[in-house]
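Right, one structure below, let's go through it.
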Amino acid sequence: MLHDGTEETATTFFDAFDSAQPTISKHIKALENAKLISRRVEGRQHYFQANPLMLNVLSEWVHRHQLLWTGSLDRLEGYLDQPNE
Amino acid sequence: MNNGSTIVLTRTFSHPPERVFDAFSTAEAIARWLSPSDEIHMSVQGFDFMVEGSYKYLFRVPNQGELELTGRFLEIDRPTRLSFSWCWQEPDPHAGIDSHVLVEFFEVPEGTRLSLTHTKLDGVGMNKRHDAGWNGSLRRLETHLLIHLRK
């Protein structure tokens, strides 16, 4: 869904998930607010497209914090092992 | 928990829980170790170690300038549990993502087993965290949507 830069309508989401339409709409809105997807309106039809840049930022976020915490815990070990602390 | 947006790390230290906990509880101590590497210098700009107290850290990254991180202490239960919010500031690419860190300290024969859980609660823009409709199944749905989007 939404891969390869294709556009989808909200109906695609409604059909794909076993949840009430307002629930799905709310999530579409949330993804849109987070700039993970973009919306194009044509008449009464709304088309959605994934924003690959933002999706990369999201996965990068996890990787970055993994590095930050791993490095920090290594350093914490060194800090605790100092005899005069 | 949320697939792909939660980090869980465990580490065992050969020191009692109180000592490991205290490394998180003063500006002097945390400045000594909270950084991904020795090249990135972190300085503490604010540190009010009490529930609802805030902190502010500045990371000086070579060739990239300074990155600011702020948060608030949410739970302080020495020496077993500590949690705080965690949010990067502009112009960081992840600015405004309000995430959550929980650190638990377990006494073990070797010393202390530390468990760190970093959850990105609002990472996909669900900033109305306390919205009545926001529950476990919604979260799963959102994860599901994201998995599809990533494919």
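The values are calculated or read from the model by the stated rules, or taken from the named source; none is laboratory data. These numbers come from a predicted model, not from an experiment. Note that each Cβ is placed from the backbone with ideal geometry, even for glycine, and that neighbours are counted across all protein chains shown.
Somewhere in segment B:45-57, is a residue facing another protein chain (nearest Cβ under 10 Å), under 16 Å from the mean Cα position of the chain (by Cα) and free of Cβ contacts under 8 Å to residues at least 40 places away in the same chain?
No, the conditions are met nowhere in segment B:45-57.
Among (1) more than 24 Å from A:ASP81 (Cβ to Cβ); (2) in contact (Cβ under 8 Å) with a residue 24 or more places away in the chain, which single condition is B:THR80 missing?
(1)
Does any residue in segment A:60-72 that is buried (at least 16 other Cβ atoms within 10 Å of the Cβ) come within less than 9 Å, Cβ to Cβ, of a residue that is assigned to a helix (DSSP H, G or I) six or more places away or on a different chain, and which pairs are these?
These pairs meet every condition: A:SER72/B:TRP33.
Surrounded by 13 or more Cβ atoms within 10 Å (Cβ to Cβ) and modelled with pLDDT under 75: is that true of A:VAL57 in this structure?
Here the answer is yes, as A:VAL57 does meet what is asked.
Going by the structure shown, is B:ASP98 within 14 Å of chain A (Cβ to nearest Cβ), crowded, with 16+ Cβ neighbours inside 10 Å and modelled with pLDDT under 90?
In short, yes.
If we only count strands (runs of 3 or more DSSP E) wholly inside segment B:3-69, which ones have 3 or more residues that are farther than 17 Å from A:GLN66 by Cα?
B:41-47, B:54-61
In segment B:30-44, which residues are of a type outside the set (A, V, I, L, M, F, W, C) and facing another protein chain (nearest Cβ under 8 Å)?
Once the filter is applied, which keeps residues that are of a type outside the set (A, V, I, L, M, F, W, C) and facing another protein chain (nearest Cβ under 8 Å), segment B:30-44 yields B:ARG32, B:SER35, B:PRO36, B:SER37, B:ASP38.
Please state which one of B:ASP122, B:ASP92 is at pLDDT below 55, among the acidic types (Asp, Glu) and part of a loop (DSSP other than H, G, I, E, B).
Answer to the check: B:ASP122.
Scanning segment A:22-46 for residues that are in contact with a helix residue (DSSP H, G or I) (Cβ under 9 Å, 6 or more places away or on another chain) and either of a type in the set (D, E, K, R) or not assigned by TED's automatic domain parsing to the domain that holds A:THR9 (or both), which turns out modelled with the highest pLDDT?
Out of the qualifying residues, it is A:ARG39.
Being in a strand (DSSP E or B) and surrounded by fewer than 13 Cβ atoms within 10 Å (Cβ to Cβ), is that true of even one residue in segment A:28-39?
There is no residue in segment A:28-39 that is in a strand (DSSP E or B) and surrounded by fewer than 13 Cβ atoms within 10 Å (Cβ to Cβ).
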